[in-house]
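Reviewing the structure listed below.
The values are calculated or read from the model by the stated rules, or taken from the named source; none is laboratory data. Just so you know, these numbers come straight off a predicted model, no measurement behind them. Here the Cβ positions follow ideal geometry from the backbone for every residue, glycine too, while neighbour counts run over all protein chains shown.
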Amino acid sequence: MARPIVMTDTMKQKAQQEFLEMLAGTKMSDGKLSYSKSFTYKDAGAVVWLSPEAYKKTLALVTEFSDEVAWHGTVSRSGDDEFIIEDIFVYPQEVTGSTVNTDQEAYTKWLYELDDDTFNKVRMQGHAHVNMGVSPSGVDDRHRQQILEQLEDGMFYIFMVWNKRLEVHTLIYDMERNILYDDKDVEVKLLGNEGMDEFLADAREKVQKKTFKKSKTETAKERLAEGFEAESSGFGYCSPFDHYEMGGRAWKL
């Protein structure tokens, strides 16, 4: 769920009031006291649009590299809660199957070689988790915190983790609106692909999954495996791998 990044004066006052109310009459069995407060925004969401060029480059990186790979993206804001990733750039890095490390000197040199317009639009960092899930690792969390500390009022930054199944985890720090959009709050869409939803909806109506009717033998096996109690006298629960005389008939499984 979307939540604030910086505590406002109103949030601070509310937290202080709740804390004071909690302190009234509190007894500590071990001399310790803990307090936790969460702030969230209901029904807040964002959209990240990928330009065709950015999408093609992202797919190429995710599918062609057998190790992790990381990249930056140039991003522009489109409205309050929509962002457009315009292009993708790979920076100098050393990788393994599960890590990405940056040579700071080479990385700094690469940044300074960017023109001013490109440099000022570098507001996205993405990387691939190869064949793993896309949940951020502890290293990812620390890196995000480092970037967050550098963000000023009015800025934003997007983090994306992809894998070869084309799953994606997206997180947006929007300092201008003081909102952290966390994955499920974010839709990732392809720019210029707006008509695809109607196409897929029509396709789903026409494509039906074929179902198969179970044979009597299969049904009998399932009933016996679940502990079907035979109605004939003298029989309890049956084993699906034995023969039983039932009213003069043998069930051979």
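Below, the figures for the structure above:
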{"item": "Residue, surrounded by the most Cβ atoms within 10 Å (Cβ to Cβ), within region 106-131, restricted to residues that are within 20 Å of I84 (Cβ to Cβ) and polar (S, T, N, Q)", "result": "Q125"}
{"item": "Leading residue by the ranking (farthest from V48 (Cα to Cα)) among those in region 172-202 that are surrounded by fewer than 10 Cβ atoms within 10 Å (Cβ to Cβ) and among the small types (G, A, S)", "result": "A201"}
{"item": "Qualifying residue in region 53-62 (condition: surrounded by 10 or more Cβ atoms within 10 Å (Cβ to Cβ), in the same structural domain as G133 (by TED's automatic domain parsing) and in contact with a helix residue (DSSP H, G or I) (Cβ under 6 Å, 6 or more places away or on another chain))", "result": "no"}
{"item": "Selection within region 162-174 - without any contact (Cβ under 8 Å) to a residue 60 or more places away in the chain and assigned to a strand (DSSP E or B)", "result": "V168, H169, L171"}
{"item": "Close pairs from region 102-114: first assigned by TED's automatic domain parsing to the domain that holds P92, partner surrounded by fewer than 13 Cβ atoms within 10 Å (Cβ to Cβ) and not in a helix (DSSP H, G or I), Cβ under 7 Å, at least 6 apart", "result": "D103/E94"}
{"item": "Selection count, region 74-124, where residues are assigned to a strand (DSSP E or B) and modelled with pLDDT of 95 or more", "result": "15"}
{"item": "Hey, T63 in a helix (DSSP H, G or I) and at pLDDT below 95 or not", "result": "yes"}
{"item": "Among the candidates R142, R177, residue that is in contact (Cβ under 8 Å) with a residue 12 or more places away in the chain, among the basic types (K, R) and at negative phi", "result": "R177"}
{"item": "Candidates A2, A15, filtered to the one that is surrounded by 14 or more Cβ atoms within 10 Å (Cβ to Cβ), within 20 Å of the chain's Cα centre (by Cα) and not assigned by TED's automatic domain parsing to the domain that holds P136", "result": "A2"}
